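**Student:** Quick one: the structure is below, and I'll ask about it shortly.
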Amino acid sequence: MAQYKISNITDLYWAENDGFKSGRDPMGIQNSSVATYGWLLRGMTNLTGHIRYYSLYCWLLSEYDSIEQQGTVALHQYNFLRRAELILAFIMKGQNMRSVVGADFAQNRCDTILYDDVYDIAKGADYGEKEKYWAFKSGAFGQYYLGSLIYYNLVKIESGRFYLRTKGKELAQAVKDSVDEEIRSLMLECITEGGLSEEEITRLLPLGLNAINPNSSEWIFLNNLLTKEDSNGLTLRRETVYLMLTACESEVPISNFVTHIFLEYKQLRRSSPAAFGWYFYYLCEVLHYGIESIFCYVLDCIDKFQNPPVSVLLDNAVDDLVMLLNDEQQYKSIDEWIKDYHAEIEWQLSEVKRLVKGQDYAKSVIESLKLFWLLYQEFQQNKTAIMDFEQKYDLVRQRGILSEGLKDYVERYVSLPIRTYLEKVLRQVMNEHTFVAIKKMGNSDLDLRKFILENGCAILVEMRYPNETNPRIESLHNFLVDLGYLKIDNTTTPIAKKFLSEYGKE
């Protein structure tokens, strides 16, 4: 007779959960920031580390077409590009340059492919090999750079193969006109034969990512890509180049660039569209940091109160916040508090960050609310310009966009008393996180929730802390260094000074 055994129970396939996944945006609000800096710095990403990859990829695709037509090599296009990337990593080895594709392999695992003083590039690069420099099939070209090359109308993809467009062929020719034929031929030989010696690395240095010859055909082409307006008439990237160079002239650290532009715009209230764009991006980031600080507090409370019923969680969390209020308790509504609070946004943000870093999450919520009040005041003062910017660049539909975020977290609650407001905001971040996490799961089995609800109780899955987006500033900085506008220490060069002196006179 058949027996029922608990050990035989398995999850139904449609209900099985493959586990929880971390993710970077638990509140689903950062796309508004990403979309904003996407307009400001088009044609690059946080992963396109050096502009010379653009020209070298075009040249490599051009050479592969020629080799393929001649029938002299049976090497797949993907492996041709992969070998070139690994060779470039060896060329750049020891030059203290970041964002080089395959740098870790060339630096730390090169011995695994070294035989008789020759690196077996085929073994370290070809996709079918076990120990290779890059996992993605078409290398960093396909994973990181392809989108930008397509944006600039340099490359297209059809049936899994990459082709040069007319503009890409022109850039490939610019490389040929700028780099000696002997060096180019050696590079192609190393790729097709799959080997590379130290002596060959030295000879190939002119193909290094930092070796673009100023005023060569290649330099002129890449410079136009970066500093001229796009074919669709957009000038935001060009304007951002100008803003970065002027900031460097004033010895502003690259890490402070966005804050610097925000403060400069706020003080002057007049500047280029790009300056306003970075001002707007900063305000979005500040709003997001405040919202994520509140969410962090909720998660900490779930942990501190040991997975409590939701009603208990909210009551205790609100009680703890109210205890931190002093003079603020005199206000009958949020509106009164907003009108009576004054500080600088950047200072207020630093306070929130300080408290989060010190794990004082309850106080960080109180300071985040004050941050909301300042953002709301700023929005009211500059509402028309902000709304126009959101409309012009089709940002209105993005979750977390400034106007909608302030409406959701401030404007619709202004008439409420403080305690009621606190409870509604805490409940709101819980509901929004749950909605976003489930929506992101889609057909996936991975669960993105940071807490779950079981029998009316909140159960912590993972602590998450506020974070900020990376707006491609490092990539732009690298491009300007590659093209000779900036030195490594961020001082401007004669090339930069010429650009600044001629800016706006074209």
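The values are calculated or read from the model by the stated rules, or taken from the named source; none is laboratory data. Since this is a predicted model, take the numbers as computed values, not measurements. Cβ: placed from backbone, ideal geometry, glycine included. Neighbour counts: every protein chain shown. In case anyone asks, the SASA skips ligands and DNA or RNA and just uses the protein heavy atoms, side chains included. Shrake-Rupley method; radii C 1.70, N 1.55, O 1.52, S 1.80 Å.
**Student:** Beyond 22 Å, how much of the Cα-Cα pair distribution for segment 167-262 remains, as a whole percent?
**Tutor:** Numbers: 2331 of 4560 pairs.
Tail fraction, whole percent: 51.
**Student:** Then there is this: To the nearest 20 debye, what charge dipole does segment 409-471 have about its Cα centre, counting +1 at the Cβ of each Lys and Arg and -1 at the Cβ of each Asp and Glu? If you can, show how the numbers build up before the last one.
**Tutor:** Details: 9 positive and 8 negative charges, 40 e Å.
Using only the charged Cβ atoms, the result is roughly 200 debye.
**Student:** Could you name the lysines in cross-link range of Lys363, using Cα to Cα under 20 Å and dropping any fewer than eight places away on the same chain?
**Tutor:** Lys304, Lys353, Lys424
**Student:** Now a separate question. For segment 52-158, which GluC sites (Glu not before Pro) are in a loop by DSSP, counting at most 13 other Cβ atoms within 10 Å? Walk me through the numbers on the way to the answer.
**Tutor:** Details: sites: Glu63, Glu68, Glu85, Glu129, Glu131, Glu158; in loops: Glu129, Glu131.
When the GluC sites (Glu not before Pro) of segment 52-158 are filtered for loop state and at most 13 Cβ neighbours within 10 Å, Glu131 remain.
**Student:** Amide H neighbours of Phe451 under 5 Å, counting only residues 5+ apart in sequence or on other chains, H built in-plane at 1.01 Å?
**Tutor:** Val461
**Student:** If packing is taken as the average count of other Cβ atoms within 10 Å, what order do 108-118, 390-400 fall into, highest mean first? Intermediate values should be presented prior to the final figure.
**Tutor:** Values: 108-118: 12.1, 390-400: 16.2.
The densest-packed peptide leads the list: 390-400, 108-118.
**Student:** Roughly to the nearest percent, how much of the accessible area of segment 109-209 is carbon and sulfur, given a 1.4 Å probe?
**Tutor:** The computed percentage sits at 45.
**Student:** Take the solvent-accessible surface of the protein heavy atoms, probe 1.4 Å, and return the percent of it on segment 297-345 that carbon and sulfur atoms account for. Display every interim value, and only then the final one.
**Tutor:** On the way: 1120 of 2620 Å².
Reported share for carbon and sulfur atoms: 43 percent.
**Student:** Provide Glu229, Glu193, Glu346 ordered by accessible surface of protein heavy atoms (probe 1.4 Å), highest first. Don't skip to the end; give the middle numbers.
**Tutor:** Working: Glu229 110, Glu193 140, Glu346 50 Å².
If we order Glu229, Glu193, Glu346 from most to least accessible, we get Glu193, Glu229, Glu346.
**Student:** So, counting K/R as plus one and D/E as minus one, what does the shell of residues with Cβ under 9 Å around Arg238 add up to? Can you show the working numbers first?
**Tutor:** Values: positive: Lys228, Arg237; negative: Glu229, Asp230, Glu239.
For residues surrounding Arg238, the net value is -1.
**Student:** Here is a follow-up. For segment 108-153, what relative contact order do you get, as a whole percent, if you take Cα pairs closer than 8 Å and at least 6 residues apart?
**Tutor:** Working: 22 pairs, mean separation 7.8, N = 46.
Value for segment 108-153: 17 percent.
**Student:** Hey, rough spin-label estimate for Ser66 and Arg165, points 7 angstrom out along Cα→Cβ, what's it come to in nanometres?
**Tutor:** Roughly 2.4 nm, to one decimal.
**Student:** Could you list which residues have their amide H under 5 Å from that of Tyr119, counting only those 5 or more apart in sequence or on another chain, with H placed in the peptide plane?
**Tutor:** Leu196, Ser197
**Student:** What accessible area per residue, rounded to a whole number of Å², is obtained for the chain using a probe radius of 1.4 Å? The partial results should precede the final answer.
**Tutor:** On the way: 24140 Å² over 506 residues.
Result: 48 Å² per residue.
**Student:** Moving to a separate point now. DSSP loop (so not H, G, I, E, B), at most 15 other Cβ within 10 Å: list which trypsin sites (Lys or Arg not before Pro) in segment 159-233 pass both filters.
**Tutor:** Working: sites: Arg161, Arg165, Lys167, Lys169, Lys176, Arg184, Arg203, Lys228; in loops: Arg165, Lys228.
Those that pass, being in a loop and sparsely packed, are Lys228.
**Student:** Output ³J(HN,Hα) for segment 191-197: one whole-Hz value per residue in order, computed from phi by the Karplus curve 6.51 cos²θ - 1.76 cosθ + 1.60 with θ = phi - 60°, and x for Gly and Pro.
**Tutor:** Each residue of segment 191-197 in turn: 5, 6, 7, x, x, 8, 9 Hz.
**Student:** How long are the three semi-axes of the equivalent ellipsoid of segment 36-157, in whole Å, if each is the root of 5 times an eigenvalue of the C-alpha gyration tensor, listed from largest down?
**Tutor:** On the way: eigenvalues 123, 78, 27 Å².
Equivalent ellipsoid of segment 36-157: 25, 20, 12 Å, largest first.
**Student:** Taking only C-alpha pairs under 8 Å that are 6+ residues apart, what is the relative contact order of segment 41-136 in percent?
**Tutor:** Values: 74 pairs, mean separation 23.4, N = 96.
Dividing the mean separation by the residue count of segment 41-136 yields 24 percent.
**Student:** On average over all directions, what projected area in square nanometres does segment 249-292 have, based on the convex hull of its Cα atoms?
**Tutor:** Details: hull surface 13.9 nm².
Taking a quarter of the hull surface, the average projection is 3.5 nm².
**Student:** Using θ = phi - 60° and the Karplus relation 6.51 cos²θ - 1.76 cosθ + 1.60, list the HN-Hα couplings for segment 371-387 in order, rounded to whole Hz, with x at every Gly or Pro.
**Tutor:** Result, ordered by residue: 4, 4, 4, 5, 4, 5, 4, 4, 4, 5, 6, 10, 4, 4, 5, 5, 5 Hz.
**Student:** Could you calculate the contour length gain from Gln381 to Glu474, that is, 0.36 nm times the residue separation minus the distance between their Cα atoms, to one decimal place in nm?
**Tutor:** Values: separation 93, 0.36 × 93 = 33.48 nm, distance 3.16 nm.
Here the segment from Gln381 to Glu474 would lengthen by 30.3 nm.
**Student:** Then there's this: At a 1.4 Å probe radius, which order do Met323, Met187 fall into by accessible area, largest first? Write down the numbers at each step before the final one.
**Tutor:** Numbers: Met323 150, Met187 5 Å².
Largest to smallest exposure gives the sequence Met323, Met187.
**Student:** Which of the trypsin sites (Lys or Arg not before Pro) across segment 298-351 are loop residues per DSSP, with 16 or fewer other Cβ within 10 Å?
**Tutor:** Lys332
**Student:** Also, I was wondering about something else. If you place +1 on the Cβ of every Lys and Arg and -1 on the Cβ of every Asp and Glu, how big does the dipole about the Cα centre of the chain come out, in debye to the nearest 20?
**Tutor:** Taking the Cα centre of the chain as origin, the dipole is about 1000 debye.
**Student:** For the ranges 138-144, 93-99, what's the packing order if you count other beta-carbon atoms within 10 Å of each residue, average per peptide, and put the highest first? Show your work: numbers first, answer last.
**Tutor:** Numbers: 138-144: 21.4, 93-99: 12.9.
The packing order, highest mean first, is 138-144, 93-99.
**Student:** What accessible area, in Å² to the nearest ten, does a 1.4 Å probe give for Val286?
**Tutor:** Surface accessible to solvent at Val286 totals approximately 0 Å².
**Student:** If you wrap a convex hull around the Cα atoms of segment 387-506, how much volume per residue is inside, in Å³?
**Tutor:** Working: hull volume 29.8 nm³, N = 120.
Normalising the Cα hull of segment 387-506 by residue number yields 248 Å³.
**Student:** So for Arg238, Arg24, Arg449, Arg419, what's the accessible-area order with a 1.4 Å probe, most first? Provide the component values of the computation, followed by the final result.
**Tutor:** Values: Arg238 30, Arg24 140, Arg449 65, Arg419 105 Å².
Of Arg238, Arg24, Arg449, Arg419, the descending order of accessible area is Arg24, Arg419, Arg449, Arg238.
**Student:** For segment 304-417, compute Rg over Rh where Rg is the Cα radius of gyration and Rh is the Kirkwood radius from the inverse mean 1/r over Cα pairs. All intermediate terms of the calculation are to be shown ahead of the outcome.
**Tutor:** On the way: Rg = 16.1 Å, Rh = 15.9 Å.
Rg/Rh for segment 304-417 comes to 1.01.
**Student:** Can you compute the modelled spin-label distance between Asp360 and Tyr127, with each label point 7 Å from Cα toward Cβ, in nm?
**Tutor:** According to this spin-label approximation, the distance is 5.5 nm.
**Student:** Continuing with this model, one more query. If you average the C-alpha positions of segment 130-171 and of segment 242-296 separately, how far apart do those two centres end up, in angstrom?
**Tutor:** A separation of 32 Å, based on Cα centres.
**Student:** Structure shown: which of Lys392/Lys498; Lys132/Lys439; Lys137/Lys169; Lys357/Lys392; Lys137/Lys228 lie over 30 Å apart, alpha-carbon to alpha-carbon?
**Tutor:** On the way: Lys392/Lys498 32 Å; Lys132/Lys439 36 Å; Lys137/Lys169 24 Å; Lys357/Lys392 37 Å; Lys137/Lys228 33 Å.
From the list (Lys392/Lys498; Lys132/Lys439; Lys137/Lys169; Lys357/Lys392; Lys137/Lys228), the Cα-Cα distance tops 30 Å for Lys392/Lys498; Lys132/Lys439; Lys357/Lys392; Lys137/Lys228.
**Student:** log10 I(q)/I(0), Debye, Cα-only the chain, no solvent, q = 0.06, 0.12 Å⁻¹?
**Tutor:** Scattering profile of the chain, log10 relative to I(0): -0.38, -1.13.
**Student:** Turning to a different aspect of this structure: Mind ordering 459-467, 363-371 by average Cβ neighbours within 10 Å, highest first?
**Tutor:** On the way: 459-467: 15.8, 363-371: 23.6.
With the highest mean Cβ count within 10 Å placed first, the list reads 363-371, 459-467.
**Student:** Each residue of segment 26-40 in order: what ³J(HN,Hα) in whole Hz does its phi give by Karplus 6.51 cos²θ - 1.76 cosθ + 1.60, θ = phi - 60°, with x for Gly and Pro?
**Tutor:** x, 9, x, 10, 7, 4, 5, 5, 4, 5, 5, 6, x, 6, 6
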